[in-house]
1. In this structure, is Lys57 near the ligand (Cβ under 10 Å from one of its atoms), under 21 Å from Lys37 (Cα atoms) and outside any loop (DSSP other than H, G, I, E, B)?
2. In contact with a helix residue (DSSP H, G or I) (Cβ under 9 Å, 6 or more places away or on another chain), farther than 19 Å from Phe99 by Cβ, at pLDDT 95 or above and surrounded by 12 or more Cβ atoms within 10 Å (Cβ to Cβ): which single residue out of Gly72, Gly68, Gly52 fits that description?
3. Can you work out which of the residues in region 78-133 that are of a type in the set (Gly, Ala, Ser) and part of a loop (DSSP other than H, G, I, E, B) is farthest from the chain's Cα centre (by Cα)?
4. Can you name every residue in region 9-39 that is at pLDDT below 70 and in a helix (DSSP H, G or I)?
5. Determine the pairs where a residue that is under 17 Å from Thr58 (Cα atoms), located within region 103-115, has a partner that is within 6 Å of the ligand (Cβ to nearest atom) and part of a helix (DSSP H, G or I) with Cβ atoms under 7 Å apart, the partner being 6 or more residues away or on another chain.
Amino acid sequence: MKRLIPVIVLSFVLFGFLNINLQQDRWIAPEEAKSVKNPVKSIDKGLSAKRGKRIFKTRCMICHGVNGVGNGPGGKALSPKPQNLTLPMVQKQTDGEIFWKVSNGRNAMIKWGPILSENERWDVVNYVRTLDN
Ligand code: HEC
């Protein structure tokens, strides 16, 4: 029995460590992505977001759902789930960070860089910005 105690203690420590690591698995864009400027001028943002909405409907809605709340049918079986794009944890990020994530992907989130042009990706970022509510 005495020999078992260190083993039990160690398992608890390991379990705690793994648990913390799972919770910290937040997707963070690299520092340099933060300051990348949105090349679309503010006066053109409305039109850009409109184009972005069309792209969102055909490319993103299947997973991120109508209005981007993360409940699309294509995302039901995924882990991690498609992010709810209306949440502050997404909307607090800079345009550059969202652009980087859309371009590079992670897990089931598709790497859109090779699929959508740079302009199309900024259009979709400008649309994602309108989901802030
Ligand atoms: C096949 C399903 C799928 C499609 C299609 C998809 N996504 Fe995602 N998306 C995901 C998943 C899953 C995550 C979470 C990835 C993770 O945290 O590892 C995600 C995460 C994101 C994030 C990061 C949110 C954050 O900060 O954590 C953004 C932004 C995003 N998606 C935008 C888009 C846009 C824009 C499109 C369309 C061009 C799109 N997604 C298409 C599944 C998808």
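1. no
2. Gly72
3. Residue satisfying both the conditions and the ranking: Ser117.
4. If the condition is that a residue be at pLDDT below 70 and in a helix (DSSP H, G or I), then Phe12, Val13, Leu14, Phe15, Gly16, Phe17, Leu18, Asn19, Ile20, Asn21, Leu22, Gln23 are the ones that fit.
5. As it stands, the answer is Trp112/Val102, since those pairs meet every condition given.
The values are calculated or read from the model by the stated rules, or taken from the named source; none is laboratory data. These figures come from a predicted structure and were not determined experimentally. FYI the Cβ positions are ideal-geometry reconstructions off the backbone, even for glycines, and counts take in every protein chain you see.
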